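Encoded as structure tokens, the structure appears first; notes follow it.
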Amino acid sequence: MKYLCLVYLARDKWDAVPDRECFSCGQGLRERGTLVAAEPLESVDTATTVRVRNGRVSITDGPFAETKEQLAGFYLIEAADLDAAIQVAAKIPPAREGSIEVRPVRELRP
């Protein structure tokens, strides 16, 4: 089953974990056949939120919601179950400074 591990960090912690640690973590997960994809994100200062209401498109600078921790990146993994996904998430380096939200990926039904 696929799980999305969303990395959240307070803005002042984004540089607390070196990129090389995240890269190395991703490489290790890839070598074990666990990693599907992983990417860091630019800061929320670069975000744009798009909404469509009654056929009208609305565009807002910034994230959907203001929070202390901001979405900093993601790891899309394959794991047998939630417990296995949590074990992987606990090894993602930014978990030391922020949090990792683990969510199962839902298959779309045609």
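Each reported figure results from applying straightforward, stated rules to the coordinates on display, with no laboratory input. If you're wondering where the values come from, they're calculated on a predicted model, not measured in any experiment. Methodologically, a virtual Cβ is constructed for each residue, glycine included, from the backbone with ideal geometry; neighbour enumeration extends over all protein chains shown.
Okay, here's what the table says:
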item	result
Test item: Cα-centred dipole of the chain, Lys/Arg +1 and Asp/Glu -1 on Cβ, debye	440 debye
Square roots of five times the Cα gyration tensor eigenvalues for the chain, Å	26, 20, 11
Filtered GluC sites (Glu not before Pro), the stretch 14-81: DSSP coil and at most 16 other beta carbons within 10 Å	E42, E66
Positive dipole terminus of the stretch 2-104, leading residue within N54, P94, F23 (C-beta point charges)	N54
